[in-house]
Structures are given as structure tokens and as C-alpha cells.
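The next block holds one structure in the form of C-alpha cells; read it before the comments.
The values are calculated or read from the model by the stated rules, or taken from the named source; none is laboratory data. Since the structure is predicted, the reported quantities are computational estimates derived from the model, not experimental observations. Quick reminder, even Gly has a Cβ in these numbers, built from the backbone with ideal geometry, and neighbours come from all protein chains shown. For accessibility, only protein heavy atoms count, side chains too; no ligands or nucleic acids. Shrake-Rupley method; radii C 1.70, N 1.55, O 1.52, S 1.80 Å.
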Amino acid sequence: MEIRELIEKIVKEMEEKGGLKNVVWVAAGGSNDGHYAAQYFMDRESTAVRSQMITSSEFEFAAPKCVGENTIAVITSMRGTKETIEAAKVAKELGAVTISQYVDESGLTEVCDYNVQYGSIWEDDEDQGRTNAGNALRIAMAIVDVTEGYKNYTDAMDAFEKIQPAYVRAREYCRPLAKKWADQVKDEKTITVLASGPAYGSGHIFSTCNILEMLQIQSPTFNSCDFFHGPFEITDKNGAFFLLVADGRTRKADERAITFLKKYAGEKVYILDAKELGLDNLKDSVSEYFNHLLFTPILNNVYMKALSEATGIDYTTRRYMWKVEY
């Protein structure tokens, strides 16, 4: 069943119970950040359906009171992380309609009412518009269009068709740039990542899943909109900064950070602009909501791998994950 058809079915079945009122996006780690584009869209476009993004364990231990029979719970895990399976059970017990997003079938797909398979961003030939983040954004857009109408829905569906070709072009463009950047920062103990608005989820994944988890390099993430309210005090000529510049309404915050860093930071400030990657080829009405779908695979498949090669750190190794009880 296609995503649009599935959402229409669920919304119609909820009508006799008072209609769809809430959607919660539940996952752990990078899968949790993969919901960011959907949450960002819901925050900016939905007036009828309340939306909340929450990590699996927090949902298990302290589920929002609004979750019930008027709720869709979108629950994502590649292969069934145990905390996420438990969160799915809680959502079911509370009466929510549960939709899993998965790569491989697991206990999660057994628990949930509906299952939507997605392709991993690791696969270069995978449609980046059909990843966990891409499908979550499709679900969010369908929810808004079905419940109250989204005037740019057609433009958005057209943008999904253009994301994979844009990614392929951006991947080839960035490879030499990523190598140069990686060679410059390969000995750094800390790499600070800045991002804002529709690009913040990508920045957080880059820090948390790529630099910290895979390469074991310290990497704080800051929102460019909040950088000047404390974090900018770490700036000096020796620091390494990686700044994502969003195509969207918060772009001015990113540009403000660039101006400051050019003045007070050193030579290890790297800027990756969504417009430079080709996001501006999408229609202005919707391009903002597709930052995550382009930035995330580029950071994961190009920049992280370039840094892995430059440092000599195998990105498939871990210190604790899969090795000890935790």
C-alpha cells in the first residue's frame, strides 16, 4: 500500500472516533534524527494535527498523555532496536495506530499495525526520497494534505522525484572537497557542527552517528540560531567548525554564524551550502523541507567516509556497541 493510500485509510477509520489529532515519531539514535524533516514540516504546516518527535526509551518510560486512539505513531528502526520495539508495544497499549518503518523484518514489524519498508542512505543507488527520512516526510505531507489540505503537495511530490538525481550530482561534486577537508582536520580532537532549521537534523546525525559513533571524535552540535547565546564562546583560531547552510527561512542565522567565524575563527571552518548542492533546483514552495534528504546522505556517504580514510579509523568499528552489555 502506498503511503498516501495508507494515510487516507487510517484517517478515514479514525473519523468515527473523533478524527486524527496527534502524530508521534518514535525511534532511537540516527533513526530518531531521521524523523526531523517530518517534524519540521509538521511544525510549520500543520494546524489540525499535533506532532511530536520523541526517542524510543523516553516514549517507553514517559509517553505523552495525548497518545491514544486519535494518534498515529510512526516508529522507525532498521532491524528492530529493542528499545524501539518496547516503545511500539506502549503505543499499541495506549490505542495508537502504529506504522513501522524498517529495512529488515523484526519484532517491530510483528508489533505494528502497518509496515513501510525503506532503503538505507548507505546505498548510493537507493532513492534518497525513499529512505526513512524521505518516507517520514511523505507521511507528514500526506497527513497535512488529507486532514486540512496542503496547497504545495503536488510541488512536494515532484521534488521527491528530483532528490536522487540531485544527490548523485552533489556526491560527485563533493568528493574532492571532502577529501581536502578531511586532510585538513584529520588530527583534530574536536569538530564542532553548526546547523539550523530544516538542516539541523542532518547536522545532529553528522555529529552523533558519523563523527562521534563511527570515528570516536568529539563533535558537539549547535543550532546556528542559538550559537550566540553561549556556545560561540568556544570559538578560537585553532578550532575546527563544520557549518551547514540551509536553503530556507533560517538561512540568515547560518549566514550570521559564517560572518562571526570568518572574523574570529581560524582556517579550519568548512561551509557546506544546500544551494551549492543543488537544492535550489527544487521549487521554492517546498525546497526548504528537503534539506535533510540531501545533506544527510552527502555527509554520511562522502564526508564521513573521507574523514575515515584520512584518519585511518575504520568507520565500521565500535568500542561498546554490539560488544558489551549496556
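Computed on the Cα atoms alone, the convex hull of region 55-94 gives a volume of 59 cubic angstrom per residue. Along its three principal directions, the equivalent ellipsoid of region 35-174 from the Cα gyration tensor extends over semi-axes of 26, 20, 12 Å, largest first. Taking Cβ atoms as reference points and 13 Å as the exclusive limit, the residues near Ala257 contribute a net charge of +1, counting Lys and Arg as +1 and Asp and Glu as -1. Extending 7 Å from the Cα toward the beta-carbon at both Asp43 and Gln117 defines two label points whose distance is 3.3 nm. In a GNM of the chain with a 10 Å cut-off on Cα contacts, which of Leu94, Leu243, Leu294 has the highest mean-square fluctuation? Result for the chain, Cα springs under 10 Å: Leu94 fluctuates most. Within region 1-56, the proportion of Cα pairs with more than 12 Å between them is 69 percent. In terms of overall dimensions, the chain has a Cα radius of gyration and Dmax of 19.6, 62 angstrom.
At most 14 other C-beta atoms within 10 Å and a DSSP loop state: those are the exposed GluC sites (Glu not before Pro) I care about. Give me the longest piece of the chain that has none. By the stated rule (loop sites, at most 14 other Cβ atoms within 10 Å), 149-266. Calculated on the alpha-carbon coordinates, the convex hull of region 190-273 measures out at 77 cubic angstrom per residue. Using only alpha carbons, region 32-111 has a radius of gyration to Kirkwood radius ratio (Rg to Rh) of 0.95. Using a Gaussian network model of the chain in which every pair of alpha carbons under 10 angstrom is joined by a spring, one finds that among Ala62, Ala136, Ala246 the greatest mean-square fluctuation is at Ala62. Of all the options Ile139, Ile85, Ile313, the one that moves most in a Gaussian network model of the chain with Cα springs shorter than 10 angstrom is Ile313. The mean accessible area for residues of the chain, using a 1.4 Å probe and ignoring ligands and nucleic acids, is 45 Å² per residue.
With the charge dipole of region 275-326 set up from +1 on Lys and Arg Cβ and -1 on Asp and Glu Cβ about the Cα centre, the Cα lying farthest toward the positive end among the listed residues Val286, Tyr320, Pro297 is that of Tyr320.
Cα centroids of region 108-122 and region 141-200: how far apart, whole angstrom? One Cα centre to the other: 22 Å.
The convex hull of the Cα atoms of region 173-326, projected and averaged over all directions, covers 9.5 nm².
Candidates Val103, Leu177, Ile163 compared by Cα position along the dipole of region 52-185: farthest toward the positive end lies Leu177, with charges placed on Cβ. Taking a straight Cα-Cα cut-off under 16 Å and skipping sequence neighbours fewer than 8 places away in the same chain, the lysines within cross-link reach of Lys189 are Lys237, Lys268.
Between the beta carbons of Asp314 and Asp127, assuming R0 = 30 Å, the FRET efficiency works out to 0.60 to the nearest 0.05. Loop-located trypsin sites (Lys or Arg not before Pro) in region 1-100 (DSSP state not H, G, I, E or B) with no more than 10 neighbouring Cβ atoms inside 10 Å: Lys65.
Counted residue by residue at 0.36 nm each, then reduced by the alpha carbon distance between them, the extension gain from Glu15 to Thr259 reaches 82.7 nm. As a fraction of the 1.4 Å probe accessible area of region 94-186, surface on carbon and sulfur atoms comes out at 46 percent. Remark on region 148-242: hydrodynamic radius 15.7 angstrom, per the Kirkwood mean of 1/r across alpha carbon pairs. Return the aspartates and glutamates within reach of Lys180: Cα separation strictly under 16 angstrom, same-chain partners fewer than 8 residues apart disregarded; answer none if there are no such residues. Straight-distance partners of Lys180: Glu172, Glu188, Glu267, Glu309. What percent does the relative contact order of the chain come to when contacts are Cα pairs within less than 8 Å and at least six residues apart? It comes to 17 percent, rounded to a whole number. In the structure shown, do any of Lys179/Lys263; Lys92/Lys151; Lys92/Lys323; Lys151/Lys305; Lys21/Lys89 have a Cα-Cα gap over 28 Å, and if so which? Going by Cα-Cα distance, Lys92/Lys151; Lys92/Lys323; Lys151/Lys305 fall outside the 28 Å limit.
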